[in-house]
Amino acid sequence: MILNKFIIATDVPGVKEILINYDSKIIVENSKEGIERGIREYLKNKDKYKKNVSNSAFIKQNSSNLKKVVDLLNEK
């Protein structure tokens with residue numbers, strides 16, 4: 001996510017919570033077949049999944065949080 005890349009993740013505990021505001025993702029079944037289906041889905045529909053990740057809610061929220069931290073550090 002920090003690299004602003006498309007993510008194919010397996011559905012294990014915590015993944016959905018971590019990726020909730022990240023737009024460029026596919027969450028697949030936690031199996032070889034699930035991963036294969038996710039990769040095939042992505043390759044088949046690349047144009048559908050090509051999004052400007054920098055516009056995602058995740059990036060906006062992180063930018064906002066980073067600004068708050070910088071502001072706090074710059075306070076005298």
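The values are calculated or read from the model by the stated rules, or taken from the named source; none is laboratory data. Keep in mind that this is a model prediction, so the values were computed, not measured. Side chains included, ligands, DNA and RNA excluded: accessible areas come from the protein's heavy atoms. Shrake-Rupley method; radii C 1.70, N 1.55, O 1.52, S 1.80 Å.
Under 5 Å from the amide H of Thr10 lie the amide H atoms of Val28, each residue being 5 or more positions distant or on a separate chain, with H modelled from the backbone and absent for Pro and chain starts. Take every Cα pair under 8 Å whose residues are at least 6 apart in sequence, average their separation, divide by the length of the chain, and the relative contact order is 29 percent.
Computed from Cα positions, the angle between helix 32-44 and the longest principal axis of the chain comes to roughly 80 degrees. Just the Cα atoms of the chain, one point each, no solvent: what log10 I(q)/I(0) does Debye give at q = 0.15, 0.19, 0.22 Å⁻¹? Taken in order of the listed q values, log10 I(q)/I(0) reads -0.60, -0.83, -1.00.
When Glu41, Glu33, Glu75 are compared by accessible surface with a 1.4 Å probe, the order from highest to lowest is Glu75, Glu33, Glu41.
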